[in-house]
Amino acid sequence: MSLGNRFRSAGEGTRQRMREPRWWASLAAAGAIALYVLLPEKLVIGPRWLVPVLEGGLLVSLLAVSPYRHGNEPKFARWLSIGQCALVSLANTVALVLLLRFLLQGGKATGVQLIFSAIQIWLTNVLVFGLWYWELDAGGPGQRINEFPKGAEFLFPQMTSHDLGANWLPSFVDYLYVSFTNSTAFSPTDTMPLSVEAKLLMAGQALVALITVALVAARAVNILA
């Protein structure tokens, strides 16, 4: 049962005692770390172990100090979460830039190698923007539990339903789905961005996905053909 379904029967007093587990987001962060470790050496800047160790340290620290997101969570825990998102985004963007430079400079690689690199970068893009959306919408998971839909930056279909309305609360999986559809369609599908920040985030994600598919994957297919 999702957090949104549990919230459906909860009253305003109960809302203050609710909390959202971090483990879904932690799995996404761990997946991004694993994808980075599997990247070719030419797409990694600095020692290969540096970024995974930093990301892993943040992940373990967050699980230790804040395994659940709630209205009274420590402020530094949310800043650590944002820092984790920024680090994963930076590492993935650098990997994409290095891959594009490799292609533009006439680097030699097989089509299979390019396809796998493109898939790794694309999947990391999906995971990290799912984390960004989850972390930033309506002030973050903790504040969202207390005040949602006040300050919402995304309009989910459930928010327009008379049966759910304000009694529905998005979980991490909802934001991961938004991220996945934005990376496949290069635009919003059933969930619309409301704020300027959300629109810029979705535009940035779509741009990375488009470059990865249109340039890298297309070059790989051309080599294989």
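A compact table of results
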item	result
Leading residue by the ranking (modelled with the lowest pLDDT) among those in the stretch 1-25 that are among the charged types (D, E, K, R) and outside any loop (DSSP other than H, G, I, E, B)	Arg6
Test result for Ala64, surrounded by fewer than 20 Cβ atoms within 10 Å (Cβ to Cβ), assigned to a helix (DSSP H, G or I) and in contact with a Ser or Thr (Cβ under 6 Å, 6 or more places away or on another chain)	no
All helices (runs of 4 or more DSSP H) inside the stretch 165-225 with 3 or more residues being within 20 Å of Phe148 (Cβ to Cβ)	172-185, 196-211
Test: residue in the stretch 58-65 that is farther than 23 Å from Ala218 by Cα and hydroxyl-bearing (Ser, Thr, Tyr)	yes
Number of positions in the stretch 170-225 that are closer than 27 Å to Lys108 by Cβ, of a type in the set (Val, Ile, Thr) and either at pLDDT 90 or above or surrounded by fewer than 21 Cβ atoms within 10 Å (Cβ to Cβ) (or both)	5
Where Ser81 falls short, out of the listed (1) among the polar types (S, T, N, Q); (2) surrounded by 15 or more Cβ atoms within 10 Å (Cβ to Cβ); (3) out of contact with any Asp or Glu (no Cβ under 8 Å at 6 or more places or on another chain)	(3)
Test set (1) in a helix (DSSP H, G or I); (2) surrounded by fewer than 22 Cβ atoms within 10 Å (Cβ to Cβ) - Pro149 fails condition number	(1)
Matching residues in the stretch 26-69 - criterion: being among the charged types (D, E, K, R), at pLDDT below 90 and farther than 18 Å from Trp122 by Cα	Arg48, Arg69
Checklist (1) in contact with a Gly (Cβ under 7 Å, 6 or more places away or on another chain); (2) in contact (Cβ under 8 Å) with a residue 60 or more places away in the chain; (3) not basic (Lys, Arg) applied to Leu58, failing item	(2)
Residue that is surrounded by the most Cβ atoms within 10 Å (Cβ to Cβ) [pool: residues in the stretch 14-55 that are of a type in the set (S, T, N, Q) and either touching a strand residue (DSSP E or B) at 6+ places or on another chain (Cβ under 9 Å) or in contact (Cβ under 8 Å) with a residue 24 or more places away in the chain (or both)]	Ser26
Leading residue by the ranking (nearest to Tyr36 (Cα to Cα)) among those in the stretch 101-145 that are part of a loop (DSSP other than H, G, I, E, B) and of a type outside the set (Ser, Thr, Tyr)	Ala109
Selected residue (criterion: surrounded by the most Cβ atoms within 10 Å (Cβ to Cβ)) from residues of the stretch 112-145 that are of a type in the set (D, E, K, R) and modelled with pLDDT of 90 or more	Asp137
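The values are calculated or read from the model by the stated rules, or taken from the named source; none is laboratory data. From a predicted model like this one, the values you see are computed outputs, not experimental measurements. Here Cβ is always computed from backbone atoms with ideal geometry, including for glycine, and neighbour counts include all displayed protein chains.
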